[in-house]
Amino acid sequence: MGARIVLIDDHKLFREGIKRILDFEEDFEVVAEGDDGNQSIDLVRTYHPDVVLMDINMPSINGVEATKNLVNQFPDLKVIILSIHDDENYVTHALKTGAQGYLLKEMETDELIDAIKVVYNGGSYLHPKITHNLVKEYRRLANGNNGANALKRAEHRKPLHLLTRRECEVLQLLADGKSNRGVAESLYISEKTVKNHVSNILQKMDANDRTQAVVQAIKNGWVEVQ
């Protein structure tokens, strides 16, 4: 059985577009839709979804508060926030309330599909742009600790003891905030090949998702963050 999905967004046109994309995926089934965070509890109780796609900006109750209420009542439920905001405060607040994913509405189709698969299987997923912003902030804070932090002194070095040269290139592009399509275009390879490289990187680095892999790479000085 595939992932059962509830979609909650007050913009009907956007919601229909997302549903149309997901209908093409054999592993996904949109079992219910709603346009208000207040509906989320009843929809989840009635349809027993695995994943909820939740708009962050809605009337009466926003997506973050709705997520908090859902996770409190249904601890095993996976929630992915859909947002136009890439500010780290929005992201941090959403994750603290229990969301396992955060996607910008400018997302590409493959990012939406990857996010649902990763979250459904117990991982976490951040939009590539969000990942890049977070690691930049992480680097800034680390380098600001009176020069004492090892990150400030770390020399950029490729992890050739662990990854192939091509995987190192892919890892750097992930740190730059590139999506699978962006990586493919930068390296002139197919998106399928990119997905294979990302899968190999996660396995070799023992990382659950690309965000964890990028943060680990930053700590080790394996990638450069501008």
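For this structure, a couple of remarks:
- Within the stretch 163-226, the GluC sites (Glu not before Pro) that combine a DSSP coil assignment with at most 15 other C-beta atoms in a 10 angstrom radius are GLU224.
- Net charge, LEU171 excluded, C-beta distance under 12 Å - Lys, Arg +1, Asp, Glu -1: +2
- For the stretch 15-61, chymotrypsin sites (Phe, Trp or Tyr not before Pro) are listed when DSSP marks them as loop and at most 16 other Cβ atoms sit within 10 Å of their Cβ; the list is PHE24.
- Taking every alpha-carbon pair in the chain and binning the separations at 5 Å intervals from zero gives 1, 7, 14, 18, 18, 15, 11, 8, 5, 2, 0 percent.
- For the stretch 27-80, the alpha carbon positions stretch 30, 20, 18 Å along the principal axes, listed from largest to smallest.
- Total formal charge among the other residues, if their Cβ is under 12 angstrom from that of TYR47, Lys/Arg +1 and Asp/Glu -1: -2
- Fully extended contour minus Cα-Cα distance, from SER186 to ASP23, at 0.36 nm per residue: 55.7 nm
- Taking 19 Å as the limit for the C-alpha separation, the pairs LYS19/LYS68; LYS19/LYS117; LYS19/LYS105 exceed it in the case of LYS19/LYS68.
- Amide N of the stretch 36-53 lying under 16 Å from the label point, which is placed 7 angstrom from the Cα of HIS85 along Cα→Cβ: 37
- GluC sites (Glu not before Pro) within the stretch 73-108, DSSP loop, no more than 14 other Cβ atoms inside 10 Å: GLU106
- Accessible surface area normalised per residue over the chain is 51 Å², counting heavy atoms of protein chains with a 1.4 Å rolling probe.
- The fraction of accessible area contributed by carbon and sulfur in the chain is 46 percent, rounded to a whole number (1.4 Å probe; ligands and nucleic acids excluded).
- Sites ARG165 and GLU108, calculated FRET efficiency, Cβ-Cβ separation with R0 35 Å, nearest 0.05: 0.85
- The length gained on full extension between ASP206 and GLU65, counted as 0.36 nm times the residue separation minus their Cα-Cα distance, comes to 47.5 nm.
- Remark: the chain carries a charge dipole of roughly 1160 debye about the Cα centre, counting +1 on each Lys and Arg Cβ and -1 on each Asp and Glu Cβ.
- Charged neighbours of ASN180, selected by a Cβ distance under 11 Å, balance to -1 (K, R count +1; D, E count -1).
- Computed E for HIS48/LYS12 - FRET, C-beta separation, R0 22 angstrom, nearest 0.05: 0.35
The values are calculated or read from the model by the stated rules, or taken from the named source; none is laboratory data. Here the structure is a predicted model, which means the values were calculated and not measured. Positions of Cβ are backbone-derived with ideal geometry, glycine not excepted, and every protein chain shown enters the neighbour counts. With ligands, DNA and RNA removed, areas are computed over all heavy atoms of the protein, side chains included. Shrake-Rupley method; radii C 1.70, N 1.55, O 1.52, S 1.80 Å.
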